[in-house]
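Presented below is the structure to which this report refers.
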Amino acid sequence: MAPEMQKSSMFIEENGDFRKNLDDDGREKRSGTWLTASAHIITAVIGSGVLSLAWAIAQLGWVAGPAVLMAFSFITYFTSTLLADCYRAPDPVHGKRNYTYMDVVRAYLGGRKVQLCGLAQYANLVGVTIGYTITASISMVAVKRSNCFHKHGHHVKCQVSNYPFMVIFACIQIILSQIPNFHKLSWLSILAAIMSFAYSSIGVGLSIAKVAGGGHARTTLTGVTVGVDVSGSEKVWRTFQAIGDIAFAYAFSTVLVEIQDTLKSSPPENKSMKRATSVGVSTTTLFYVLCGVVGYAAFGNDAPGNFLTGFGFYEPFWLIDFANVCIAVHLIGAYQVFAQPLFGFIEGKCSRHWPDSKFITSEHAIDVPFYGVYYLNFFRLVWRTLYVIVTAVLAMIFPFFNDFLGLIGAGSFWPLTVYFPIEMHIAQAKIPKYSFRWTWLKILSWACLIVSLIAAAGSVQGLIQSLKEFKPFQIRDNE
C-alpha cells in the first residue's frame, strides 16, 4: 500500500510540475517579452523598403514627404494597439486566446470576413517571401559587382546573374524553415533587427558624407518637377506609388497576432504588445525619417530606387559590400518571420483534417550535436522544403515580382492594418453607431481605403511597364 501511495504522490508532484510548464490554454508556457516582440516587429517592418524611401520623398518633396511618413507611423501604431486588445476575446486581459489573425476576426466579426482576412493575410505572406528572395539575391549580386568594379575598373560591364544567389538563399531557408514555430524564432529576429540597424545606419552615414562633401543635389518643396524631371502623368503615377510605398513600409499586422501569441501572460499580453509596438514603430520611424530625408538631401530629385546603389557600387566598396551583406542576412531572418504564420496555418489545418496520420502528426527525437534534442516531423520537412523551392522558382520566373508585391500590399494594407482592427474595436468596445468616436474611426478607415486604391493604381501602371520588357530567365543588366 505504501509504495502505491508513494507512486501516486510522485505522479501528482510530476503532474503539478508539468502543469507549471503550461499556459492557461494547455499549451507550452510562453516566454516572450516586449523586447523579443520589438525585435520581431523591427525585423518585419524595417525591410529593404527603407532603401527606397529617399526615392519616395523625392516624388513628394520636403513638405508632403515627411508629413506622409509621420501620418502613417501614427496610423500604424494606433490600429496596431487596437488589434493588440483583440488577441483575447471578449475581454482583452482574461478572455480566450486567439492564435491567428483569422481566429481574432472569427471571434469578433465572423461570417465571410474570416475568409477575406485569410485571403488578404496569406496572399501577402506568400508575396513577401517571394519578394524577399528577389531582393536578397539583388543584394548578393551587388557585393559581387562591387568587387568586380573595384578589381577591374568602373568601365567594365560586370554583369552577374541573380539566379545562383536565389538558389543559395533558398538552401539557407530550407534549413531555417525547420525551426518548429514562431516561439523558437526570437534569436533570428534579434540578429535580423541588428542587421537592419547596421545597413540603415551605413546608408544614412554615406548620405551625410555626400552632403558634407559639398555635392549639390537639387531638392524642392514639392518633389520632382514636371517638365524638368518628369512628365505630368509620370508625376501623378510616381506620387501614387510613393504614398503606397510609405504606407506599406510600416505594416506588420499580417504577423502581429502571431507575435503576440509568443508573449508570456504576466504582464498581460496586450500591455506588453502595446509597449513592443511603441518601441518598434518609433524606432522604425526614426530610421525611416533619417534614411528618407537624409537620402533625399544627398541625391535630390534624382534619388535612386535603392539609395545604397546610388553610391554607384564604388568607394568605399568594402562598406557598401558590408551593408549589402547586412541586407541579405536581415532578409534571411525576415523571410522566416513572414513564413512561420503560413507554415503554422497549413500544418494546423492538416493535423485537424488527418489527426490519425503518423506522417503529419508524429515527431521523431533526434540528438543534434551542439543543439540538443530536435523533434523532426516528416510532413513539416517535406511541405516547408517544397514551399521554399516553389517561392524560389517563382522569384526566378518573375524577376519584376516586386512591382506585383506593391499590388498585393495595396490589397492587404487596408483590410489587415486598418479595416479589421477598427471594426473589431467597435465591436469589442460596443461603440454606438454614428457617435463621434464611431464617425472618426470610419473616416480614418475610408481615407486609408482611398490610399490603398491609388497605390494599387500606381502598382498596376508599374506592372504594365515591367510586363512590356519581360523575358523569363533572362540575365538582366544590373547596371
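Considering only protein heavy atoms, what is the solvent-accessible area of residue 140 at a probe of 1.4 Å, reported in Å² to the nearest 10?
Here the accessible area works out near 30 Å².
For residue 376, list long-range residues whose amide hydrogen, built 1.01 Å from N in the peptide plane, is under 5 Å from its own amide hydrogen.
Long-range HN contacts for residue 376: 364, 365, 366.
What percentages, rounded to whole numbers, describe P(r) for the range 228-360 computed over all alpha carbon pairs with 10 Å bin width beginning at zero?
Binned Cα distances yield the sequence 9, 24, 29, 21, 12, 4, 0.
What distance in nm separates the two pseudo spin-label positions at residue 359 and residue 439, each 7 Å out from Cα along the beta-carbon direction?
The modelled label-to-label distance comes out at 6.0 nm.
Find the relative contact order for the range 25-136 and round it to a whole percent, using C-alpha pairs within less than 8 Å whose residues are 6+ positions apart.
RCO, the range 25-136: 12 percent.
Two-decimal Rg/Rh of the range 65-164 from alpha-carbon positions, Kirkwood Rh?
1.25
Roughly how many whole Å is it from the C-alpha centroid of the range 96-125 to that of the range 324-350?
Spelled out, the Cα-based centre of one part sits 19 Å from the other.
Kirkwood hydrodynamic radius, the range 166-284, all distinct C-alpha pairs: what's the number in Å?
Here the Kirkwood hydrodynamic radius works out to 18.8 Å.
With a Förster radius of 35 Å, plug the Cβ-Cβ distance of residue 62 and residue 271 into 1/(1 + (r/R0)^6) and report the FRET value to the nearest 0.05.
0.40
Over the alpha-carbon set of the chain, work out the extent along each principal axis and list the three values in angstrom, largest first.
Largest first, the chain extends 94, 61, 40 Å along its Cα principal axes.
What number, rounded to the nearest 500 deg cm²/dmol, is the helix-based mean residue ellipticity at 222 nm of the chain, given -39500 (n - 2.57) per DSSP H run of at least four residues and division by all its residues?
It comes out at -23000 deg cm²/dmol, rounded to the nearest 500.
What per residue convex hull volume, in Å³, do the alpha-carbon atoms of the range 257-330 yield?
Expressed per residue, the convex hull around the Cα atoms of the range 257-330 is 128 Å³.
Working from Cα positions, state the angle (0 to 90°, nearest 10) between the long axis of helix 163-176 and the longest principal axis of the chain.
Its long axis makes an angle of about 20 degrees.
Quick check of the Kirkwood formula: for the range 246-286, what is the inverse mean of 1/r over all pairs of different Cα atoms, in Å?
After inverting the mean inverse Cα-Cα distance, the result is 11.0 Å.
Which lysines, if any, have their Cα less than 21 Å from the Cα of residue 349, not counting same-chain residues under 8 positions apart?
Excluding near neighbours in sequence, the set is 96, 113, 184, 358.
Of the chymotrypsin sites (Phe, Trp or Tyr not before Pro) in the range 382-437, which ones lie in a loop per DSSP and count no more than 15 other C-beta atoms within 10 Å?
In loop regions of the range 382-437 (DSSP not H, G, I, E or B), the sparsely surrounded chymotrypsin sites (Phe, Trp or Tyr not before Pro) are 434.
How far is it, in nm, from the label point at residue 373 to the one at residue 147 when both lie 7 Å from their Cα along the line to the Cβ?
4.3 nm
Across the range 362-439, what fraction of all alpha-carbon pairs, as a whole percent, falls in each successive 5 Å bin from zero upward?
3, 11, 10, 10, 10, 10, 10, 13, 11, 7, 4, 2, 0
The values are calculated or read from the model by the stated rules, or taken from the named source; none is laboratory data. Remember, predicted model here, so these are calculated numbers, not experimental data. Heads up, the Cβs are rebuilt from the backbone with ideal geometry, glycines too, and the neighbour counts pull from every protein chain shown. Keep in mind that these areas ignore ligands, DNA and RNA; they rest on the heavy atoms of the full protein, side chains included. Shrake-Rupley method; radii C 1.70, N 1.55, O 1.52, S 1.80 Å.
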